[in-house]
Amino acid sequence: MVGALKYRGRIISASDISFIQGIIDANPRITRRELSRRVCVAWGWVQANGALRDMVCRGLLLSLHRGGWITLPPPRCAGAVGLIRRPPERVAVDETPITGTLQQLGLLEFRQVRRTAEEPLFNSLIAQHHYLGHTQPVGEHIKFLVSAGGRPIACLAWSSAPRHLGPRDRFIGWSAEARRRNIRFIAYNLRFLLLPWVRIPCLASHILGRMAALVPQDWVRLYQHPVYYLETFVDPARFSGACYRAANWRVLGLTTGRGHNDTTNKKTQPVKQVLGYPLVKDFRRLLSDISA
């Protein structure tokens, strides 16, 4: 049934699909980007800072197209399929080993680099050195580059949180309606990379401790709403998660291994630990509030 379609918390009705296809039929030369913008404007689909949820909408349009509900105009770039993903250009950096102690490392500089001249460097380092590689988050997200002595030593990316996560939802104790309304108040640590030539004991947990103060500040600055809780996944087959625990993050349980876009109820991905970090004492009350 069309009425059962759901994407990022929105029920997609038959009239919604007819509306989208109507725009396409009436504008044969419309681009996918312009189509997405028109749908966002018509639906009032915006972020808290007023920006259109363009990339989220484009993901919806592609899902509807692949499911046979609509027929998207062909992509303008030859050979492109759906959303265009280009690997980041490689940026060379000094890979001389950095050793010693935290005290010897000196002052650390934390810079939010999304939409700055340093974002290509961040993307390049993630693509080269993180085992999951680079992916461009959809929706609200921020990127931190950590430097010491003018040299990058770590990268952290934070994004919107997964909507359904059993161990976290049970830990918070919120209702489905509260989760739908308040999921935006959680930030998800999508990537944490300590560059492989950096060997400083306790550095990773120290950086995570600093993030607990910096992420809420920059989230409010960029998106005009707070975050009350941080979360992440750790693959126990690869990592112990000791740096998170040392920074007072709490292990809440395991994922199901089905992924956030699961439609088969079958395990398709590695089972990972779910870790959380409340930023305020009354996080449960704030995340469970549906009065606003």
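Can you find a residue in region 12-27 that is among the β-branched types (V, I, T), within 26 Å of the chain's Cα centre (by Cα) and in the same structural domain as V56 (by TED's automatic domain parsing)? The answer is yes, given that some residue of region 12-27 is among the β-branched types (V, I, T), within 26 Å of the chain's Cα centre (by Cα) and in the same structural domain as V56 (by TED's automatic domain parsing). The residues of region 223-243 include none that are exposed (fewer than 13 other Cβ atoms within 10 Å of the Cβ) and of a type in the set (V, I, T). Taking the condition surrounded by fewer than 19 Cβ atoms within 10 Å (Cβ to Cβ) and under 21 Å from D282 (Cα atoms), does V215 pass? So V215 does not fit the description; no.
Yes/no matrix, rows are residues, columns are (1) touching a strand residue (DSSP E or B) at 6+ places or on another chain (Cβ under 9 Å); (2) among the hydroxyl-bearing types (S, T, Y):
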{"residue": "Q128", "(1), (2)": "no, no"}
{"residue": "T135", "(1), (2)": "yes, yes"}
{"residue": "K143", "(1), (2)": "yes, no"}
{"residue": "A154", "(1), (2)": "yes, no"}
{"residue": "G166", "(1), (2)": "yes, no"}
{"residue": "D169", "(1), (2)": "no, no"}
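Could you tell me whether region 63-77 includes any residue that is of a type in the set (K, R) and assigned to a helix (DSSP H, G or I)? Looking through region 63-77, at least one residue is of a type in the set (K, R) and assigned to a helix (DSSP H, G or I).
Sort through E140, E119, E109 and tell me the only one that's buried (at least 16 other Cβ atoms within 10 Å of the Cβ) and closer than 28 Å to R221 by Cα. Exactly one of E140, E119, E109 is buried (at least 16 other Cβ atoms within 10 Å of the Cβ) and closer than 28 Å to R221 by Cα, namely E140.
Scoring L125 on the criteria (1) surrounded by 21 or more Cβ atoms within 10 Å (Cβ to Cβ); (2) closer than 30 Å to S288 by Cβ; (3) in contact with a Pro (Cβ under 7 Å, 6 or more places away or on another chain) leaves a single failure, condition (2).
Hey, can you tell me all the residues within region 127-173 that are basic (K, R) and modelled with pLDDT of 95 or more? Quick ask: steps written out before the conclusion?
Within region 127-173, the first condition is being basic (K, R), and the residues that meet it are 143, 151, 163, 168, 170.
The answer is K143, R151, R168, R170.
Given the condition over 23 Å from the mean Cα position of the chain (by Cα), modelled with pLDDT of 85 or more and of a type in the set (G, A, S), answer yes or no: does some residue in region 72-95 qualify? Yes: one or more hits.
The residues of region 21-32 that are part of a helix (DSSP H, G or I) and exposed (fewer than 13 other Cβ atoms within 10 Å of the Cβ), listed by number, are G22, D25, A26.
Condition test on L194, is it surrounded by 18 or more Cβ atoms within 10 Å (Cβ to Cβ) and over 17 Å from the mean Cα position of the chain (by Cα)?
On the way: surrounded by 18 or more Cβ atoms within 10 Å (Cβ to Cβ): yes; over 17 Å from the mean Cα position of the chain (by Cα): yes.
Criteria met by L194.
Of all residues in region 117-147, those being under 20 Å from H206 (Cβ atoms) and free of Cβ contacts under 8 Å to residues at least 60 places away in the same chain number 4. Cβ-Cβ distances below 9 Å connect the following pairs, each with a first residue in region 101-116 that is β-branched (V, I, T), a second residue that is surrounded by 10 or more Cβ atoms within 10 Å (Cβ to Cβ) and part of a loop (DSSP other than H, G, I, E, B), and a separation of six or more residues or different chains: T101/I200; T101/P201; T101/C202.
With respect to the conditions (1) under 14 Å from R191 (Cβ atoms); (2) part of a helix (DSSP H, G or I); (3) touching an Asp or Glu at 6+ places or on another chain (Cβ under 7 Å), K143 lacks only one, and its number is (2). Taken over region 39-54, residues that are in a helix (DSSP H, G or I) and surrounded by fewer than 16 Cβ atoms within 10 Å (Cβ to Cβ) amount to 3.
Name every residue in region 225-270 that is at pLDDT below 90 and at positive phi, in order of residue number.
Just the residues of region 225-270 that are at pLDDT below 90, to begin with: 256-270.
Answer for region 225-270, where residues must be at pLDDT below 90 and at positive phi: G257, G259, N265.
The values are calculated or read from the model by the stated rules, or taken from the named source; none is laboratory data. Fair warning: this is a prediction, and the values are worked out from it, not measured in the lab. Don't worry about glycine lacking a Cβ; one is built from the backbone with ideal geometry, like all the others, and counts go over all protein chains shown.
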